[in-house]
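What follows is a short report on a single structure.
The values are calculated or read from the model by the stated rules, or taken from the named source; none is laboratory data. Bear in mind that the values here come from a model prediction, so they are computed numbers and not experimental data. Every residue, glycine among them, receives a Cβ derived from its backbone with ideal geometry; neighbour counts consider all protein chains shown.
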Amino acid sequence: MAQDFSFDVVSEYDAQELTNAMDQARREVSTRFDFKGTDPQIDRRGDTLVLEASTEDRARAVYQVLVEKAARRGLSGKLFQPGDPKTVGKGRGQIEVKLNAGITDELAKSLQKRARQVSPKVQARIQGDQLRVSSRDKDALQTVIKTFRDDDSIPVPLQFTNYR
């Protein structure tokens, strides 16, 4: 009897790496000359990051620094969904950035369909907030992983775990 190989497709992020990226971004914006006098702030409120500075333009620059630091720590840019900059009290600029992780039922069905289109030898099952892809052919599984990694239309960062 041939052995089945499988892996799980999940969408999650390392909370500690996000905290580290936020700390690095705070340190950088507090020491950079172009942020002098803008009082930049980066706060986390649940699954939302609130970036604030003296103007909307400076808040956008804080967002760029945060994304850069997160990328260096291995976090995908797809994790961050910035809202529109808005002006809050005393003319300060603010951007709310939602953390985009987790596979919805609709996305899981779409991924399941794509996996079957890539290779008919593949079975994909939805298990809660993850997708288990299995096959008797390792090459078919690797083709599915490559297809998912190269697809920019997937709105969340994907990780591939439990490869057996």
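Below are the figures for this structure:
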read-out	value
Flag for residue 103 being of a type in the set (A, V, I, L, M, F, W, C), under 23 Å from residue 141 (Cβ atoms) and in contact (Cβ under 8 Å) with a residue 24 or more places away in the chain	yes
Check on residue 79, under 30 Å from residue 122 (Cα atoms), at pLDDT 90 or above, within 20 Å of the chain's Cα centre (by Cα) and not basic (Lys, Arg)	yes
Count - residues of the stretch 72-98 that are assigned to a loop (DSSP other than H, G, I, E, B) and either in contact with a Lys or Arg (Cβ under 8 Å, 6 or more places away or on another chain) or closer than 19 Å to residue 45 by Cα (or both)	4
Residue within the stretch 5-25 that is of a type in the set (Asp, Glu) and farther than 30 Å from residue 127 by Cα present	yes
Meets criteria (among the polar types (S, T, N, Q), outside any helix (DSSP H, G or I) and surrounded by 12 or more Cβ atoms within 10 Å (Cβ to Cβ)) for residue 110	no
Options 145, 154; residue that is part of a loop (DSSP other than H, G, I, E, B), of a type outside the set (Gly, Ala, Ser), farther than 30 Å from residue 52 by Cβ and not assigned by TED's automatic domain parsing to the domain that holds residue 57	154
Residue match in the stretch 92-107 (condition: surrounded by fewer than 15 Cβ atoms within 10 Å (Cβ to Cβ), of a type outside the set (Phe, Trp, Tyr), under 30 Å from residue 30 (Cβ atoms) and within 15 Å of the chain's Cα centre (by Cα))	yes
Where residue 35 falls short, out of the listed (1) more than 20 Å from residue 81 (Cα to Cα); (2) without any contact (Cβ under 8 Å) to a residue 24 or more places away in the chain	(2)
Residue that is surrounded by the fewest Cβ atoms within 10 Å (Cβ to Cβ), among those in the stretch 126-148 that are closer than 12 Å to residue 158 by Cβ and in contact with a helix residue (DSSP H, G or I) (Cβ under 6 Å, 6 or more places away or on another chain)	147
Output for the stretch 11-55, where each listed residue is surrounded by fewer than 20 Cβ atoms within 10 Å (Cβ to Cβ), part of a strand (DSSP E or B) and β-branched (Val, Ile, Thr)	48, 50
